[in-house]
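K.L.:
Take this structure first; my questions come after.
The values are calculated or read from the model by the stated rules, or taken from the named source; none is laboratory data. Because the structure is predicted, anything quoted here is derived from the model rather than measured. Every residue, glycine as well, gets a Cβ built from its backbone with ideal geometry; the counts of neighbours run over all protein chains shown. Accessible surface areas use protein heavy atoms only, side chains included; no ligands, DNA or RNA. Shrake-Rupley method; radii C 1.70, N 1.55, O 1.52, S 1.80 Å.
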Amino acid sequence: MAFPAEARRVRDESLPPPARLLALKRCVSAYAPFGYHDTMALLAALHGPLAEPPAMLAALRTLESGRRSWRSSLAALVAYRRAVRRSGRRPARAGLRRQEAELIGGFGWPGGLHTGPLRVRRQWRQRQVETLFLAGQGVLALDERRVEQFRRSRGRYRLERRGQTTAGWLAAAVCGPLFLVNATVGALLIKPLALSEAEFVTGFTVATVPLFYLHDVLRRRFARWLKRRAAAR
C-alpha cells in the first residue's frame, strides 16, 4: 500500500469517516515505528478518538512528520554505509553503533512528538523503535534483528533488576530505623517487666512481623514510583 495515496484519502472530505479511518489505518500499516497496535494507541492518546475527522487529520500530520524525519535519517544512514564501503575500511563496531544509534538504538518517535498532552509525550519518549519495523525498512538484516532483540531484552532485564534493588534499599532505609527502635525498646523493657527469654522472643517477633510486611509494601510502591520517574524523564 502507498502511504501518500492513503494520506490523500484521509484528507478527502468527500469520503465518509469510516473510509477515511480505514485509510488512516493503512497509513499506520505502512509506517508504524512502534508496531501497528502501539502506534495506533499512541495516536489515539495524543489526538483523541480517531473516528473523529479532526483527530484523523492531526494523527496523519504526526505520522507524516515522523515519516519525513525517518526518511531523512534513513538517507543519511545509507550515505554513511556507502561511504564506509568506498573507503575500504570497516569502522570499529562501537563507532558504527554510535553512527546508527538514531535508527537502531534510538528512543522515542522519529523526529519527536510536538503535539498532544505532555504526559503522553513523556511516557512514549522512552519507547524504542520496533526491530520488526527496522528489518522491514532495510536497516537490520534478519540475523542483526535477532541480535538486537536479545540485546534489548537483556537491557530491559537489567533495568528492572536495578529498579527492584533500589526499591528494596529505599524500603530498608525506612524500616531499618523502626526495627532498631523496636529492638531497643524491647531490650529496655526486659528488666522492668521481668520478661523471660521466651516472653521476650515472642513479643519481639509479634512486634517485628508487621515491619516485614511494611517493607514489602514499600518496596512495591517505590518500584512503581521509580518506574514512573524513569518514564517521565
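K.L.:
What is the ratio of the Cα radius of gyration of the stretch 1-47 to 2.2 N^0.38 Å, where N is its residue count, to two decimals? Intermediate values should be presented prior to the final figure.
P.N.:
Values: Rg = 10.6 Å, N = 47, 2.2 N^0.38 = 9.5 Å.
That ratio works out to 1.12.
K.L.:
Dividing the convex hull volume of the Cα atoms of the stretch 22-76 by its residue count, what figure in Å³ per residue is obtained?
P.N.:
Working: hull volume 3.8 nm³, N = 55.
Residue-normalised Cα hull volume stands at 69 Å³.
K.L.:
Still on this structure: Say R0 is 30 Å: what FRET efficiency, to the nearest 0.05, do V78 and R125 get from their beta-carbon distance? Each step should come with its number before you reach the end.
P.N.:
Details: r = 26 Å, r/R0 = 0.88.
Once the sixth-power term is evaluated, E becomes 0.70.
K.L.:
Full extension from L132 to K25: what is 0.36 nm times the residue separation minus their Cα-Cα distance, to one decimal in nm? Walk me through the numbers before you get to the answer.
P.N.:
Working: separation 107, 0.36 × 107 = 38.52 nm, distance 1.80 nm.
Length gained, L132 through K25: 36.7 nm.
K.L.:
Report the FRET efficiency, 1/(1 + (r/R0)^6), for L15 and A44, where r is their Cβ-Cβ distance and R0 is 25 Å, rounded to 0.05. Present the calculation step by step, with values, prior to reporting the outcome.
P.N.:
Details: r = 20 Å, r/R0 = 0.81.
In this case the efficiency is close to 0.80.
K.L.:
Next question, about the same structure. Using modelled amide H (1.01 Å from N, peptide plane; none on Pro or chain starts), what sits under 5 Å from the amide H of Q128, excluding residues fewer than 5 places away?
P.N.:
Distant-sequence amide H within range of Q128: G108.
K.L.:
So how exposed is D38, as accessible area in Å² (1.4 Å probe, rounded to 10)?
P.N.:
60 Å²
K.L.:
Please give the peptides 24-35, 116-127, 76-87 ranked by average Cβ packing (other Cβ atoms within 10 Å per residue), highest first, as a rough proxy for protection. Walk me through the intermediate numbers first.
P.N.:
Working: 24-35: 19.3, 116-127: 14.7, 76-87: 11.7.
The packing order, highest mean first, is 24-35, 116-127, 76-87.
K.L.:
Further question on the same structure: How big is the dipole moment of the stretch 12-81 about its Cα centre under a simple scheme where the beta carbon of each Lys and Arg is +1, that of each Asp and Glu is -1, and everything else is neutral? Debye, nearest 20, please. Could you put the intermediate results ahead of the total?
P.N.:
Values: 8 positive and 5 negative charges, 70 e Å.
Using only the charged Cβ atoms, the result is roughly 340 debye.
K.L.:
Still on this structure: If you stretched the chain out fully between V174 and R68, how much longer would it get, using 0.36 nm times the residue separation minus the C-alpha to C-alpha distance?
P.N.:
Working: separation 106, 0.36 × 106 = 38.16 nm, distance 5.02 nm.
Here the answer is 33.1 nm.
K.L.:
Quick check: pseudo-label points 7 Å beyond the Cα along Cα→Cβ at R220 and F200, how many nm apart are they?
P.N.:
3.5 nm
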